[in-house]
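All remarks here apply to the structure that follows.
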Amino acid sequence: MKLTQTLNFVKFAACMVLVVGLSASALASCGDSLSAMAAGAASVHSQSRPMQQNSQSAGDNSGKSMVGLWHIQFTVGGQTIQEAYQLWNAGGTEVHNPNVDPRGGSVCLGVWKHGSHGAYKLAHRVWSYDTSGNFMGTIHLSETLTLGEGGQTHSGSFTLDFYDPSGTFQFEVAGSVTGERISVE
């Protein structure tokens, strides 16, 4: 009986997520936050600052995983261009909630896998719209991360690849990403 109630609740919750998602405004897009990241990166590059890499020791991470909630920062040339919360799920999906105005769409979805040499690979594919609701193309966010010692931090690199509506590559922004695990105290 309890299993049936749980399954019914899960079906109801999934249905509600679908209804809310389908009723969202066409202007709400994760692409706005990624475009803002690119603008921030362009500003940093125009200041001609040298690239700084964050070097975290991989250490002994046996039994550690990316699964959990993280506070992350994207940097280009040593300057933070965006921060976000990321939730890495056990099933290989990820939710990204950047610190941007939520009216432009502040939640992104991605997929991840555990790669070779302890690295974790993340991919987002985002539809991008301007403020008038016109389709601008797609943005591909990719991250390659390694857990720090003890599994409470991570560091690595990210790239943002921008494509026009026909799928033609436009430009790329690259930088570093670091994260700190959020735990229950």
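The values are calculated or read from the model by the stated rules, or taken from the named source; none is laboratory data. Since this is a predicted model, take the numbers as computed values, not measurements. Virtual Cβ from ideal backbone geometry, glycine too; neighbours counted across all protein chains shown. Areas reflect the complete protein model, heavy atoms only, side chains present, ligands, DNA and RNA absent. Shrake-Rupley method; radii C 1.70, N 1.55, O 1.52, S 1.80 Å.
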Treating only the Cα positions of region 72-118 as identical point scatterers, give the base-10 log of I(q)/I(0) from the Debye formula at each q in 0.19, 0.24, 0.28 Å⁻¹.
-0.74, -0.94, -1.01
As a test question: what accessible area, to the nearest 10 Å², does residue 93 have when a 1.4 Å probe is rolled over all protein chains in place?
70 Å²
Counting only protein chains, not ligands or nucleic acids, how are 139, 81 ordered by accessible area (probe 1.4 Å), most first?
81, 139
Between residue 95 and residue 171, take the C-beta separation as r, use R0 = 22 Å, and let me know the FRET efficiency to the nearest 0.05.
0.25
Counting only protein heavy atoms and leaving out ligands, DNA and RNA, the solvent-accessible surface of residue 126 at a 1.4 Å probe, in Å² to the nearest 10, equals 10 Å²
Ranking 185, 83, 180 from most to least accessible area with a 1.4 Å probe gives 185, 180, 83
FRET efficiency, residue 184 to residue 132 (Cβ-Cβ, R0 35 Å, nearest 0.05)
0.25
Considering only protein heavy atoms, with the full assembly of protein chains and a 1.4 angstrom probe, order 114, 154 by accessible area, largest first.
114, 154
With the 1.4 Å probe rolled over protein heavy atoms, region 107-146 has an accessible area per residue in Å² of 56 Å²
Taking Cα centroids, how far is region 82-121 from region 129-185 in Å?
8 Å
